Every structure is written in structure tokens, then in C-alpha cells.
1. Provide Y36, Y127 ordered by accessible surface of protein heavy atoms (probe 1.4 Å), highest first.
2. Can you send over the solvent-accessible area of V133, 1.4 Å probe, protein chains only, in Å² to the nearest 10?
3. Enumerate the calculated ³J(HN,Hα) couplings along region 59-65 in order (Karplus 6.51 cos²θ - 1.76 cosθ + 1.60, θ = phi - 60°), each rounded to whole Hz, writing x wherever the residue is Gly or Pro.
4. For the cross-link pairs K37/K179; K110/K180; K97/K179; K97/K173; K37/K172; K37/K97, which exceed 19 Å when the distance is taken from alpha carbon to alpha carbon?
5. Using θ = phi - 60° and the Karplus form 6.51 cos²θ - 1.76 cosθ + 1.60, what ³J(HN,Hα) does each residue of region 171-176 get, whole Hz, x for Gly and Pro?
6. For H95, H68, H100, give me the order by solvent-accessible area with a 1.4 Å probe, most accessible first, ignoring ligands, DNA and RNA.
7. Taking amide H positions as placed in the peptide plane 1.01 Å from N, state which residues far from F185 in sequence (5 or more) or on other chains have amide H under 5 Å from it.
8. Once the whole set of protein chains is in place, how much accessible area is left on V71, using a 1.4 Å probe, in Å² to the nearest 10?
Amino acid sequence: MLFLVSEPFSPEYILPILIPVILLHFWSVLYFIDPYKFELSYYLFAGILGLVNTITYFLVIQKFLYLHIEVTGPIFFVISLLLFLSLIVFFQIFHLKMLHSGKYAAYMEKGTNMNGHPIILASCSGYIVGQFVISLIAAESILFIILITCITALSVFTSFNTTYIQRYLYLKKHYKEIKKVRPNFGLSKNDRKL
């Protein structure tokens, strides 16, 4: 958020995200008090935190484009918004398919991770390349091109965290089955069995 409050200050960029950020800070106190007891709600928290961070990065990119680079017209905003929404929607759809097909469980049993999956790499690369092209067209300064590209790369990581919302919904729906496999799930540290 430092980029949003920096000069030139513009309330249009900070106000849409200010209340969610404040609420997330208050919500995070639960996980300092008793992280084990609030284990289920942590997945929801992590997903919403990822969404808020991704929106924040999107606003930072817009501030760079419209206040620092001084582009005019809605075309850069519309293209950036479409890229942003497609990234979020892609991760949600991909995650749902992987979750309900049982492929996540298969990957976990084999001990491999999903970080290098070609579909994930292609979508992330598409978002980064799209924002890079926008900054290349709009900016004359290499500094802003680098900043926008770096912030875009950060937003890819935070947008993946939005899938924790689906994990929360999945865990909540299958809570009884989870308690059978992990009886200590959601219990405070003192109540957990060794």
C-alpha cells in the first residue's frame, strides 16, 4: 500500500481498499491469539487476504499508469481489468477442477507439487506479458516498466492465494470427514492430543 499513499496522493486509489485492509488487520488478531482453534477460518482469511492484496496491486498499477505515466482514456484500465479478472477467474476454475477431480490428492501422494504445472505457468506468463506490453506502450521510462512488471509478478502470487477461499468452502462442507481423519483439526493447542 506504500505506493498507493505515496505522492501524488489520490484518494480514488486508496479509498476502495482502505476498509478491507483495516478489517483484515483486525481479523488477523484471531490467529495470534489461538491459531489452532481458528484453523478452519484461516483458509478463508488467507483467501480474502490474497484477493485484497491482488486488488491492491491492481490499483498500484493503475496509479502508475494514470498518475505517474499520465495516460488518458479508459483503454488501459479496461485491458488491465480484463487481464486481472481473467487471472482471478482462471485460478478459481483451475483450482476447482483440480480439487474435484482428485488430482491434488494424487499429486500429494506422489510427493510432487503443482508449482510447475504448464497451465499455471501459461496463465501467469500471459498476465505478466499483458501488463508488460501495456507498460511498454504507455511508459517511456524503463523504471515504470520494471515497477509495473514486478508488481504484476507479485500479484500473480497473491492471486493464487485466492484459491484458499475454495479450500475453506471445501473443508467446511466436508468438516465431519476431516474430523475423522484429523480429530485435532480446529481444536485449541491445549485441547489437542499428542
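The values are calculated or read from the model by the stated rules, or taken from the named source; none is laboratory data. Keep in mind that what you see is a predicted model, and the values were worked out from it rather than measured. To get the accessible areas, we keep the full protein, side chains included, count just its heavy atoms, and leave off ligands, DNA and RNA. Shrake-Rupley method; radii C 1.70, N 1.55, O 1.52, S 1.80 Å.
1. The ranking, largest first, comes out as Y36, Y127.
2. Probe radius 1.4 Å; accessible area of V133 about 70 Å².
3. With coefficients 6.51, -1.76 and 1.60, one gets 5, 4, 4, 5, 5, 4, 5 Hz.
4. Working: K37/K179 13 Å; K110/K180 23 Å; K97/K179 24 Å; K97/K173 17 Å; K37/K172 14 Å; K37/K97 29 Å.
Beyond 19 Å between Cα atoms: K110/K180; K97/K179; K37/K97.
5. Karplus values, whole Hz, x for Gly and Pro: 5, 5, 5, 10, 4, 5.
6. H100, H68, H95
7. Placed amide hydrogens put nothing under 5 Å from F185.
8. In the full protein context, V71 sits at about 20 Å².
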